[in-house]
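Structure first, commentary second.
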């Protein structure tokens, strides 16, 4: 014979779980979402945003790989002079890569484990503030290259017989 008190106790616990408000366990600034049937939409939204963050983080990791690899040679870094654009391109690549790794970690933890941490999120927010460095570096490089003579330009192929004005126009367009 089965004990009926066990089944009634389990049913009572399930009823209490359905009626309880959203439950968070806060321990040392760690927030672990516990399953609550009333808040499945909120949990679903967090997972979708975490998945999007993880996918965009992969883009941040992959995009600067060529720049990071070409920035180093057999004798070490090829870009050691801080007054040159290749050096800042290398710094920008590291900024993007670190941001991407942090975004993938944060997105994975939110999507798969329903776990987040205040300091991890704040670290990601700080790293995201460095996302403008590659843009500024590339725009500076385009500005410097547009001042070169038409014979040395990198924008218009020589087969089109560009003039200095054509090169400056293409550089101004960006």
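The values are calculated or read from the model by the stated rules, or taken from the named source; none is laboratory data. Owing to the predicted nature of the structure, the values given are computational and were not obtained by experimental measurement. Cβ coordinates were reconstructed from backbone atoms using ideal geometry, including for glycine residues, and neighbour counts include every protein chain displayed.
Looking across segment 52-73 at every residue that is part of a helix (DSSP H, G or I), out of contact with any helix residue (DSSP H, G or I) (no Cβ under 6 Å at 6 or more places or on another chain) and more than 23 Å from residue 109 (Cα to Cα), the one that is modelled with the lowest pLDDT is identified as 70. Could you please find all residues in segment 111-135 being without any contact (Cβ under 8 Å) to a residue 12 or more places away in the chain, farther than 27 Å from residue 40 by Cα and part of a helix (DSSP H, G or I)? Within segment 111-135, 126, 132, 135 meet the criteria. Scan segment 133-152 and give yes if some residue there is surrounded by 15 or more Cβ atoms within 10 Å (Cβ to Cβ) and within 16 Å of the chain's Cα centre (by Cα), otherwise no. Yes, that holds for at least one residue. Does residue 154 satisfy the condition of being in contact with a helix residue (DSSP H, G or I) (Cβ under 6 Å, 6 or more places away or on another chain), outside the structural domain of residue 54 (by TED's automatic domain parsing), closer than 25 Å to residue 69 by Cα and not in a helix (DSSP H, G or I)? Considered against the rule, which asks whether it is in contact with a helix residue (DSSP H, G or I) (Cβ under 6 Å, 6 or more places away or on another chain), outside the structural domain of residue 54 (by TED's automatic domain parsing), closer than 25 Å to residue 69 by Cα and not in a helix (DSSP H, G or I), residue 154 comes out as yes.
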